[in-house]
Every structure is written in structure tokens, then in C-alpha cells.
Amino acid sequence: MLETLRARLAALARRLRRLERRELDAVLRWLERTRNLLHLSVLVFVPLLIGAVTWLSNATAIVSFLLFPPLASGTYTLFADPEGRYSDPWTFVGGMTVGALCGWVALAVVGELGLHSGTVSAAGAALGIFFTGACTWALDLEEPTAFSTALLVLVTGNARLAYVLGLVVSSAFVAATFVVWRDRFYEQRARYLYRTTSGDDHVLVPMSEGCAASGVDPETVARFAAELAGAHEAGKVVLFETVYQGDDDSSSPAEPDGDERTTETVDAVERLAEELESRYDVPCEVIVAGDDRREPSARLVLQTAREQNCDLIVTPYAEDDRGGLSPFIRGLFDSEIDVIAFRASDGRERWRQVLVPVRGAGDTARAMVDFALRLAGRTQPVGVCTCIKRESRRRRAENTLANLVDAFDGRFDTHVVTEPVARYLSRVDSQYDVVFLGSSTDRSAASRFVSPPTFEKVSDLEADVAIVHRGRRR
């Protein structure tokens, strides 16, 4: 009875740990989207910074509560759009300060001319806005909050100097915090949040001919995997070969028996491993396993990948009789491990010209960009494009591409094309060595039925095609 209770408690603990990992993975994937990250940053940093300034205003008379409206809106602008037009810290501090000074000067001019009337001078307000517009234009400090500070100085009475000094101090504090956040975290978010930039180092390559469709050479696939793994210091390639262990009565007397064929297979894979280590400067291991099935088993490949601590599988592309993905590749996709199904066209050994067509800035798109950077290195820009149906969507598409590539340290050539993606790829494929495409497994079955995955529409590209699937945690 006690042993049964312990077993049930252990099973419950394992389920809770799996649930915790799934929830954590869901949160990380949510944060990987730039828009969500910015929303969360606004919710965290704007209240904290305004709270800090409030505490400062209570501690010293130099900070006026009249600073809060422009400071809050300016802080929101910084964190909500860190790459935007108004998110330069010098523009932020300078614009608010210039606005306050212009309002102060306007009050002085109105006073000298004897035009002041009422609680708040209408002439001072108009002149302050005019001065602010002229100065921010001349100094290239077009800052919306400058007009707020120019108007609020009109109601400070005799505390105008304290208002301006408090504005400089508080806005500089906010700007300094923003710079640290942007430089140390936001622009480094690929390092902290995106799994592929710190993972996908240990790559398993199924070498069995049965894994691939006709014409796909597993050795070319292994070289592609070595290029990816070799880009990281911790990279490693595992060549996995399966050997049929069932009865084979089909061999003729002149053919080698099963043991001899097995030995020849192992020798060939080991020679390839030595070549990969020498050419791509990456450690390479060979794993050989027996299987009682002639066709490759996705279950056995996944089991080996887990045992070898591999977080990426690069396999030859294969189709079923209807032109869709083979059962083997579909089995690999139904796992927590990232997978690339590679379709080679002419036996390349290096891939420097890389194109990444994307639909958005999700985790699959980021994974493809990371893989592309590994291949292109520091010398070649990576092409990243998106195709739109109408010209009216260009601005939003450009922002999407900017959010996607800004998180990575590399050279990019981004472009938005008003053309169906399949037609565009057929037109430009000769300019590239490899094109990365998403597997579309994150789309619903209905969506894939209405609009088939792009890789099914472009079966005759001159460039190699790498179909990327992001694994899902269980």
C-alpha cells in the first residue's frame, strides 16, 4: 500500500513538473514576440519610473508634480517604441527641456510687453507654443512632450527655475534607465529569450537512405548540418545510421552478406565524420543502431537524439505518394525537438547566400534568421523578405521585418514584395544558395488546406530548401 502511494505521488510530481515546463515554455514563447515584450516593459517600467520620480518629488522641492503628465507620456513613448522616431534619449531630455525654456521665455516676453491677462496668459501660451515649434524644428528635437512642458510652465508661478531643473533631473533619470534597458536587454533579447541562439548546437543527422526521397544525398545534408553546428563553439554533429537486422534472403551469392554490408556502411559514415571534422571544424560522432524495419523509424531517431542530448535534427527531405511530407518527417515534427528537413538541389558544400521569407516575427521566423546567420557569417548579408497582397500593408510589413532582424547581430538585406511568395521565390532563387521556409505546423489544418505550405508550392527551385519546424514542449 505504501509503495503504491509513493508511486502515485511520484507520478503526480512528474506531471506537475511537465505542466510547469509547458507553462514556462508558453510564457517564454509569448515574450519572444517583440510586441508582447514591449507591452510588458511598458507595464513594468513606466509605473516604476513614475513612482521613483514621485518619491523624489516628496523628498525634495526641486521636482514639481506638474512634471508628471509630460514625463509619463514621454516615458511611455520611449519604452513602447524603442527604435522609433522619438525614442532617442537626447531628443527626449532635450525636447522637454527646450519646451520648458521656451514657455519661460514666452512668459518673460509677454510680461515685458504688458500682454499678460487672466490666470493663465493666452498670449504666453500661444507664444510659448510658437517658440517651442520653432526651436524643436531648428534643433531637430521634434518631441511631442515639449509642447506639454511649454504650457505647464505657465502655471508654475515663481517656481519656474525649480520646474526646469526638476524637469532636467527627472527626464535624465528616465533616459538613463531607458538606455540601460535598451542596450543591455532589449537589443540583446535574442541572447536571453530566443532558444535557437543559445541552443540547437548538437545536431543529429539520420544517414539512412530510406530517410530521404529519391535524389537527396544524406552526405550533403550532413555537410549542411556541420555548417550550422560549426557556427557555435559548443556545436557537435551526430551521424546516426540504422542497420536492418531482419532476415534478408534477397542477397545473391555474389553480393556481400548482411554483416559485410553493415561494416561497409559504418566505414563510410566514419569516413564522412572525419571529413566533416576536418572541413567544418566541428566535432562529429557516429552512432549505429540496429532496427528490425527496413524503413527508418522516427521513434528510434528521436530516442537517439534525446539520449545524445541533441536539440536539432537535420534530415533529408522526403515526400509521401501524394506529394506531402513523408510519415517519417511527420513523426519527427511531432516532438519537442527542432527539425530541419533539407532538400538539396546540386550537392553544395557551402551556403553563403541565404534568403529567409517570413510571414511574421514569430519564433519560427527567428529560428530561420538565426540559422541563416550561422551560414552567412559576418561577410554576407542575409536576405529577409515578406510578401504582401496590397501596397497599403507595406508600412506594417516593414515594421515587422525591422522588429525581427533588430534582435540579431548581423548584416541584413530586408525587402517587402507585392507578389505571391511562390512566384517571387521562383524568380530570385538562382541568386541564393539556400532558402529557409517554415514548416507551417503552427497553422491549423483548415489554414493549411486553404493555403498549402510554401515549400509544397516551390518544388523546383535552383536553391536548396531548408524547412524549419520548431519543437513543442510536452
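One residue stands out among those in the stretch 374-385 that are at pLDDT 90 or above and over 25 Å from residue 272 (Cα atoms): the one that is surrounded by the fewest Cβ atoms within 10 Å (Cβ to Cβ), which is 381. Within the stretch 150-164, residues that are farther than 11 Å from residue 129 by Cα and hydroxyl-bearing (Ser, Thr, Tyr) reach partners that are buried (at least 18 other Cβ atoms within 10 Å of the Cβ) and modelled with pLDDT under 80 with beta carbons closer than 8 Å, at six or more positions or on different chains, in the pairs 156/64; 156/66; 163/64; 163/66; 163/67; 163/156. Looking at the stretch 83-191, the helices (runs of 4 or more DSSP H) lying wholly inside it that each contain 3 or more residues that are hydroxyl-bearing (Ser, Thr, Tyr) sit at 144-152, 160-184.
Report yes if residue 101 is of a type in the set (A, V, I, L, M, F, W, C) and at pLDDT below 85, otherwise no.
Working: of a type in the set (A, V, I, L, M, F, W, C): yes; at pLDDT below 85: no.
It is false that residue 101 is of a type in the set (A, V, I, L, M, F, W, C) and at pLDDT below 85.
Of everything in the stretch 328-337 that is within 23 Å of residue 457 (Cβ to Cβ) and touching a residue at least 40 places away in the same chain (Cβ under 8 Å), the residue that is surrounded by the most Cβ atoms within 10 Å (Cβ to Cβ) is 332.
All of 350, 322, 396 fail the test of being charged (D, E, K, R), free of Cβ contacts under 8 Å to residues at least 24 places away in the same chain, out of contact with any His (no Cβ under 6 Å at 6 or more places or on another chain) and under 30 Å from residue 304 (Cβ atoms), apart from 322.
What is the residue count in the stretch 382-415 for residues that are of a type in the set (Val, Ile, Thr) and either farther than 17 Å from residue 83 by Cβ or part of a loop (DSSP other than H, G, I, E, B) (or both)? Working first, answer last.
So the first thing to find is which residues in the stretch 382-415 are of a type in the set (Val, Ile, Thr), and the list is 382, 384, 386, 388, 400, 405, 414.
With either farther than 17 Å from residue 83 by Cβ or part of a loop (DSSP other than H, G, I, E, B) (or both) added as a condition, the list becomes 382, 386, 388.
Summing the residues that are of a type in the set (Val, Ile, Thr) and either farther than 17 Å from residue 83 by Cβ or part of a loop (DSSP other than H, G, I, E, B) (or both) in the stretch 382-415 gives 3.
Given the criterion part of a helix (DSSP H, G or I) and modelled with pLDDT under 85, identify the matching residue among 448, 427. Before the answer, list the steps.
Numbers: 427 fails: modelled with pLDDT under 85.
Answer to the selection: 448.
Report whether or not residue 111 is small (Gly, Ala, Ser), at pLDDT below 85 and within 30 Å of residue 232 (Cα to Cα). Against the criterion (small (Gly, Ala, Ser), at pLDDT below 85 and within 30 Å of residue 232 (Cα to Cα)), residue 111 does not qualify.
If I filter the stretch 430-443 down to residues being assigned to a loop (DSSP other than H, G, I, E, B) and in contact (Cβ under 8 Å) with a residue 12 or more places away in the chain, which single residue comes out as nearest to residue 184 (Cα to Cα)? Across the stretch 430-443, the extreme among qualifying residues is 442. Residue-level check: of (1) aromatic (Phe, Trp, Tyr); (2) within 24 Å of the chain's Cα centre (by Cα); (3) at pLDDT below 75; (4) under 29 Å from residue 137 (Cα atoms), residue 65 misses just (2). Among the residues of this structure, residue 379 counts as one that is hydroxyl-bearing (Ser, Thr, Tyr) and in a loop (DSSP other than H, G, I, E, B).
The values are calculated or read from the model by the stated rules, or taken from the named source; none is laboratory data. Worth saying up front: this structure is predicted, and the values here are computed from it rather than measured. Because the Cβ atoms are built from the backbone with ideal geometry, glycine has one as well, and the counts that use them run over all protein chains shown.
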